[in-house]
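Notes follow the structure.
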Amino acid sequence: MAITATQNDGVSLNADKISHDLVETDVEIITSGRRRIPAHSGILASGSPVLTNIIGKPRKIHGRSSKRVIKILGVPCDAVSVFVRFLYSPSVTEKEMEKYGIHLLALSHVYMVTQLKQRCTKGVGERVTAENVVDVLQLARLCDAPDLCLKCMRFIHYKFKTVEQTEGWKFLQEHDPFLELDILQFIDEAESRKKRRRRHKREQNLYVQLSEAMECIEHICTEGCTLVGPSSNLDNKSTCQVKTGPCSAFSTCYGLQLLIRHFAVCKKRVDGKGCLRCKRMIQLLRLHSSICDQSESCRVPLCSRQYKNRGEKDKKMVEDTKWKVLVRRVASAKAMSSLSQSKKKKSEVLFKEEAEDFIRIRNKLR
């Protein structure tokens with residue numbers, strides 16, 4: 001379907017996709033430039049409920065013409081031609097979208113053409129610039145296009161310094177202070193969310209590090225790791241010693257080794273003068289005691305029922321809400337870490353099995 005309007009109030013209509021009984025047009029659309037675009041009432045009514053109501057109203061006879069007249073004003077004539085053509089054949093070229101996208105968005109909203117509105121929302125959103133983003137945002141609010149509104153808001157947030165220098169923003173400050181306030185509130189909320197995400201990420205990293213430290217403490221005190229605890233295991237078949245290598249989290253493990261060695265020989269802790277490093281070690285041992293569910297068989301120092309009872313009698317520890325939250329979140333991070341590790345091991349096993357099957361099949365084919 002192709003519609004072309006001439007400058008002398010005439011229009012040529014090529015209806016290559018319409019049956020011969022619809023070639024005769026019964027509607028004329030008049031644009032702002034007094035162009036007349038012939039159309040078929042059935043096609044217009046099927047594409048737009050607003051046009052359906054207009055066509056259903058009693059018509060007035062204009063002169064000798066028996067055709068119904070529909071005026072679509074306020075937008076360029078070519079944009080109206082593209083709009084009418086879309087009702088016949090739902091397609092819009094990239095060039096037309098770039099040139100008439102804003103006008104087509106307004107027409108699709110006014111005449112309730114949902115398919116065209118969706119395409120215009122996406123097409124106009126892809127062509128937002130610092131110069132036109134304020135105008136597009138105002139139009140999106142008027143046309144009830146929340147997706148386009150959100151995209152414009154985010155664009156202004158990311159490039160606020162550039163948008164602030166445009167004429168559109170200066171016009172907005174003078175004539176629409178409420179929209180300016182909405183934009184500034186959106187930017188403030190976006191920055192607050194960004195700060196919360198960063199803080200949450202830092203906290204999660206801390207909980208993961210503490211969870212890793214708990215695993216390293218168990219590893220050091222149970223299996224030994226290079227310097228601290230049993231540095232070797234005895235083989236059941238012989239009396240020779242089998243050296244154990246460092247764990248995967250060697251940096252954390254090595255730091256804890258040094259901290260444990262300091263804790264064992266620190267004179268300030270023995271004299272009661274206090275030592276910051278020793279206090280940290282005691283906090284780590286308390287944290288392990290609060291998380292550990294195998295205190296009877298656990299080999300970590302101070303992780304026993306006696307120490308737990310001692311901790312329960314400590315009112316400060318029991319009443320400290322922050323401590324409880326810390327214990328719960330570290331335990332959660334530990335559980336998530338173990339879950340991800342188990343999934344990784346399963347995937348590695350499956351990959352290994354698939355590789356072995358592939359090698360086996362390839363050997364059979366040789």
- Kindly report the accessible area of the stretch 117-220 per residue (heavy atoms of protein chains, probe 1.4 Å, no ligands, DNA or RNA), in Å². 62
- Task: With all protein chains present, calculate the accessible area of ARG85 using a 1.4 Å probe and round the result to the nearest 10 Å².
- Result: 50
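Top to bottom by accessible area (1.4 Å), largest first, where do LEU150, LEU142 land?
My answer, sorted largest first, is LEU142, LEU150.
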- Note on the structure: Sorted by chain and then number, the residues having a modelled amide H within less than 5 Å of the amide H of ILE29, at least 5 places away or on another chain, are ILE37, ALA39, ILE70
- If you rank HIS288, HIS262, HIS175 by how much accessible surface each has, with a 1.4 Å probe, what is the order from largest down? HIS175, HIS262, HIS288
- Query: Got a sec? What order do LEU179, LEU258 fall in by accessible area at 1.4 Å, biggest, i.e. largest, first?
  - Reply: LEU258, LEU179
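The values are calculated or read from the model by the stated rules, or taken from the named source; none is laboratory data. None of these values were measured; they are calculated from a predicted model. The protein model used for the area step is the full one, side chains on, heavy atoms only, and it has no ligands, DNA or RNA in it. Shrake-Rupley method; radii C 1.70, N 1.55, O 1.52, S 1.80 Å.
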